Each structure stands twice: as structure tokens, then as C-alpha cells.
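Enquirer: Mind looking over this structure? Questions follow.
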Amino acid sequence: MPALVYAFLHLALARIDRAPHAWLTPLFQVRRLLLATAVPLLCVALVRLEWLQAALLAASTLTFLDRYARAAHPLAASPPSAERPGFRVCTLNAGAHRSDPAQIARFLAGSGADVVALQEIGANHVETFERELADLYPHRVLLGRGISGIGVLSKHAILEDELIELEGPHPYLSTTIDVHGAPVEFVAVHPMVSIAFLGDCSPSGRDCRELARRAASGAPCVVLGDFNTTDETEAYDVFARAGLSDAFRATGGGWGPTFPVPVRYLGLPVPPLVRIDFVLHTAHLAASAARVGPDAGSDHYPVIAELAWVEVPAAAGPYESSRSTSVPRVA
């Protein structure tokens, strides 16, 4: 009987599109992993001739395979514009005290990224990046605050920067960058880990609503970072509803787990299980490629995306800032 009940619950989990209540958010964070267990359980049920359980688990297996197949299939995208060259972006949670800043600097130096968003950077990261990456990334905003640390490295001029402080304890960093003659807003994000358990009921969940609203203001925008939530949650969906596309999902990257890196998180030999690091962008841009990068010295894997223009903003005069706040270039 317990096995039959589990099979019923497994099928229910497979058929529900999103968590109906915030308290179910943790379950949906790992739903893809739970659904994957339907395959071996189905084999066991067939061997034991438990036909009802097998039927339920077969339905769960088909749902899992369908979800994974859709994740591995590229989405239709608008053709890129040839008016301006594309650019490469990278996001990496640097892992605070759990990482090797020198190894991260070496990875970034060879990444080819035009713009890099960093989370969980401390004073040691800032010191290393200033020493090792200043020539490659002459435009930088780095706040070395450990778990709350955040920063942006850019090969292109930073026209404006703003530290966004909302309800959650971690700040967000907005930088407007002149990318081949067009201003693009890059918002580096790192919601508090409580979003993984409380979803949109957490302060960081409410922050995501506000960040999505800002990103949908009409200007080209890329929101990237460690979201501490998967693409199976409401906190992720608010960005999709605001019109932002997931670069990795759009290019058919498949599962693409980014956390944890084996051994680097609490010393646990756990393989990467969940995709919680994203590059999201407005419809002005389209992703031509995206991938999970190699071990860069942190407990997260980096995400690298190639973005091309679909809708090039009309030529305008000199960029004028509409904000009055700015953060130090290095802090």
C-alpha cells in the first residue's frame, strides 16, 4: 500500500504545473529529480507485476521525458539583426570564502565574456580581480561584501550604475553599459536563499516581482545571476510573464544543473543537481548559444550566453542618466 500511495503522489507531482501553495515550493525546487526516480521505480513495479503502480509510474515517466525533451529542444526565436555585433555574457556565484579567487580570475580571463556578473564576492576577490583583470575589464563595479557581495566586470563603458536595495537582505546591482553603441541595462541578482523555501512569499520573492517589473520597462535589459530558485517556481515565472527569455532554455540546453560543484559545497561529494543560475533577457535580444561552464573554483558552475540583437534601439543623442544614486566603482 505505501508503494501505491507513493505512485499516486508521484503522478500528482508530475501533472501539477506549478506549486499551488508557497509551502510546496521546496518540493518543486527538486521536482525534476523526483520525477527522474519514476524510471527505476517503473522497472521495479514491472518486475513485481504490480500493474496499477506500473501504470501510474509509466504516466509519471512519460511526463518526465516530455518535460526533459522540451527543455532540450530550442525555442523559436526572432532572427538576429546584422546592424550591431552580438556579445557574450557570463554569470558566476564566486562562492564567498568557499572559492579560490585566483582560479576564478583565470577562468574569467579565458571566458571571452564582454560582461560578467558576480555574486558572493569578498574583499579577497576584489583585490585579486583588480590585480589580475584590470586590463581585460577596464570598467568595473565591485562590492566585496562576502555573501552579499556583488559586482560587474565589463569590456565596454559603464554609463551608469545603481545599487538596488529592496526587501531582501542582499542588494542587486544595475549597470547600464554601452555595448557596441547601444545602452543595455545589466542587473546582477542574488536573492536570499529563503526564496528556495518560501517562494514568492519571501522578501526576496517579492523583490523578484519588482525586478521583473523594472526589467520590462521597455529598454534592452539582461537580468543574470544566482537566483537561488529553479525554473519550476513562481519566482522564476514572474520574469517570464514580464517578457524575459531564459537564454539557456531558449537554446535547448536541457537540464543544465549549475549547483553544487562536487566537494566544493560543504565538502560534500554531491553532483550538480539543480539549475539556479540564469541569464534572462528582454525581447530586444536573442540567445544564439548558452552553456554551463567548467569548474571555475566556486561551488557554482558559471553560465555563459551569446546574445544577438533582434531589435536595435534607435540612434539617440548622448546617454542621459535618470537616476541620482551611484555605487563606488570598487568597495
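Enquirer: In terms of modelled amide H atoms, which long-range or inter-chain residues lie less than 5 Å from the amide H of residue 159?
Expert: 176, 177, 178
Enquirer: Still on this structure, I have one more. For the peptides 195-205, 298-308, 177-187, 100-110, what is the packing order when you average, over each peptide's residues, the other Cβ atoms within 10 Å and list the highest mean first?
Expert: Numbers: 195-205: 21.8, 298-308: 24.5, 177-187: 20.0, 100-110: 17.9.
Most protected by this proxy first, the peptides run 298-308, 195-205, 177-187, 100-110.
Enquirer: Still on this structure, please answer the following. For the stretch 87-309, give the magnitude of the charge dipole about the Cα centre (Cβ charges: +1 Lys/Arg, -1 Asp/Glu; no others), in debye to the nearest 20. Each step should come with its number before you reach the end.
Expert: Details: 16 positive and 27 negative charges, 64 e Å.
Taking the Cα centre of the stretch 87-309 as origin, the dipole is about 300 debye.
Enquirer: Also, I was wondering about something else. Mind running the shape call on the stretch 189-292? Use the C-alpha gyration tensor, a ≥ b ≥ c as the square roots of the eigenvalues: rounded below 1.5 for a/c, prolate if a/b tops b/c, oblate otherwise. Don't jump to the answer; show the numbers that get you there.
Expert: Values: a/c = 2.43, a/b = 1.30, b/c = 1.87.
Oblate, because a/c is 1.5 or more while a/b does not exceed b/c.
Enquirer: Another question about this same structure. Which whole-Hz couplings ³J(HN,Hα) result when phi for each residue of the stretch 275-291 is put into the Karplus expression 6.51 cos²θ - 1.76 cosθ + 1.60, θ = phi - 60°, listed in order with x for Gly and Pro?
Expert: Working through the residues one at a time gives 9, 10, 10, 10, 10, 10, 8, 6, 6, 5, 10, 9, 8, 9, 6, 7, 7 Hz.
Enquirer: What spacing in nm lies between the two simple spin-label points modelled at residue 136 and residue 268, each 7 Å away from Cα in the Cβ direction?
Expert: Output for this residue pair reads 3.1 nm.
Enquirer: How large is ³J(HN,Hα) for each residue in the stretch 133-150, as worked out from phi by the Karplus curve 6.51 cos²θ - 1.76 cosθ + 1.60 (θ = phi - 60°), to whole Hz, x for Gly and Pro?
Expert: Calculated HN-Hα couplings, in order: 10, 4, 6, 6, 10, x, 10, 9, 10, 10, 10, x, 10, x, 4, 8, x, 7 Hz.
Enquirer: Over the alpha-carbon set of the stretch 172-236, work out the extent along each principal axis and list the three values in angstrom, largest first.
Expert: Taking max minus min along each principal axis of the Cα atoms, the stretch 172-236 gives 41, 19, 19 Å.
Enquirer: Now for a different question. So who's got an amide H within less than 5 Å of the one on residue 149, skipping anything under 5 residues away but keeping other chains? H placed 1.01 Å off N, in plane.
Expert: Placed amide hydrogens put 120, 121 under 5 Å from residue 149.
No value in this document is a laboratory result; all are computed from the given coordinates. Since this is a predicted model, take the numbers as computed values, not measurements. Note that we place each Cβ from the backbone using ideal geometry, even for glycine, and neighbour counts take in every protein chain shown.
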